[in-house]
Amino acid sequence: MALLTLLLTCMIATGVPGLDGWRRPLGPPAPRVLRAFSPPAVPWGPGHRGVDLSARPGQPVYAAGSGLVSYAGRLAGRGVVTITHGPLRTTYLPVRPSVRVGGRVASGSRIGVLEGGPFDCSTPCLHWGLLRGGLYLDPLTLVRPQIRLLPH
């Protein structure tokens, strides 16, 4: 029984869809990270408030987790989708939304397709962000394997 508990804990920690509910917004296979998360030293300072994932225009984009669509439309000339997952929010751009504000989405549901640009990177990419309140976090922590110690 202890081995089964350990195995299940490891599967949940690695982001297996259906067990913990988080998945990458592109793929499989997992997209290449073109630019990593680099938080600013101060809230108004320079930094990179998300990750840029290698993609191609027209590629489907999926919800990283279950939640409520809180924004789906144009912002500063680009398509943006924001999903609220309790205290967390994920953002996706540039995306032509196929969802509407107020709609519920499941982890892995298609939320739109990657637009033809403009992009934050030199090649087509999806900018994926994660926030808790006003604090930007690294979205890869949702899907990156983690070791969790459980009480004995």
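So the values come out like this:
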item: Two-decimal Rg/Rh across the range 33-142, once Rg and the Kirkwood Rh are taken from alpha-carbon atoms; result: 0.94
item: Estimated distance in nm for a label pair at Arg56 and Arg144, the labels positioned 7 Å out from Cα along Cα-to-Cβ; result: 2.9 nm
item: Cut-off under 5 Å, modelled amide H: who pairs with Ser66 long-range; result: Ser107
item: Positive dipole terminus of the range 33-142, leading residue within Leu114, Pro124, Thr141 (C-beta point charges); result: Leu114
item: Karplus (6.51, -1.76, 1.60) ³J(HN,Hα), θ = phi - 60°, over the range 27-40, in Hz, Gly and Pro reported as x; result: x, x, x, 4, x, 6, 7, 8, 8, 7, 5, 9, x, x
item: Cα long-axis angle, helix 2-13 against the chain (0 to 90 degrees, to the nearest 10); result: 10 degrees
item: Stretchable slack from Ser98 to Asp120, in nm (0.36 nm times residue separation minus alpha-carbon distance); result: 5.8 nm
item: Net charge of Cβ neighbours under 14 Å - reference Pro43; Lys, Arg +1; Asp, Glu -1; result: +2
item: Inter-centroid distance (Cα atoms) of the range 43-112 relative to the range 113-148, Å; result: 9 Å
item: Most mobile listed residue (Gly86, Gly73, Gly27) in the chain, GNM with C-alpha springs under 10 Å; result: Gly86
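None of the figures in this text is laboratory data; all of them are computed from the coordinates on show. These figures come from a predicted structure and were not determined experimentally. Every residue, glycine among them, receives a Cβ derived from its backbone with ideal geometry; neighbour counts consider all protein chains shown.
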